[in-house]
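Reviewing the structure listed below.
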């Protein structure tokens, strides 16, 4: 019985996604570029250092581990076609306070596509500004 309670508690702790609602993160996009994320309050900002682009999203948490982002602003002509597009993201696996794996339905020119599972790494504010 004690082992069952421990396993149940461990699973609940492992899926605590609230630590990802705010903070600094990185991920590698589909072409291998590292993207920096700054998430605070109701906005998420993504920076691509190689292309010098910024994308602002409004973020809406549906539950602790599921959220949508809606593109509201960008300085990228290429990404402007996605203004007001909504992307739904589901956190599938958490790795403590190190980051999380997720799946998303991402908009493209043809329509929504399901992308393979990806990983977002949580970083410190200091790491973020060193990379920025």
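The values are calculated or read from the model by the stated rules, or taken from the named source; none is laboratory data. Because the structure is a prediction, the values reported are computed rather than measured. Cβ coordinates were reconstructed from backbone atoms using ideal geometry, including for glycine residues, and neighbour counts include every protein chain displayed.
Below is a table of values for the structure above.
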item: Filter result for residue 60 (surrounded by fewer than 16 Cβ atoms within 10 Å (Cβ to Cβ) and under 13 Å from the mean Cα position of the chain (by Cα)); result: yes
item: Failed condition for residue 97, given (1) under 20 Å from residue 19 (Cα atoms); (2) free of Cβ contacts under 8 Å to residues at least 40 places away in the same chain; (3) part of a loop (DSSP other than H, G, I, E, B); result: (2)
item: Residue within the stretch 108-124 that is modelled with pLDDT of 95 or more and more than 13 Å from the chain's Cα centre (by Cα) present; result: yes
item: Residues of the stretch 77-91 that turn out to be at pLDDT 95 or above and farther than 19 Å from residue 39 by Cα, as a count; result: 0
item: Candidate set: the stretch 20-32, residues that are modelled with pLDDT under 95 and not in a strand (DSSP E or B); chosen: the one farthest from residue 85 (Cα to Cα); result: 32
item: Residues being in a strand (DSSP E or B), under 14 Å from the mean Cα position of the chain (by Cα) and crowded, with 16+ Cβ neighbours inside 10 Å - total across the stretch 63-76; result: 5
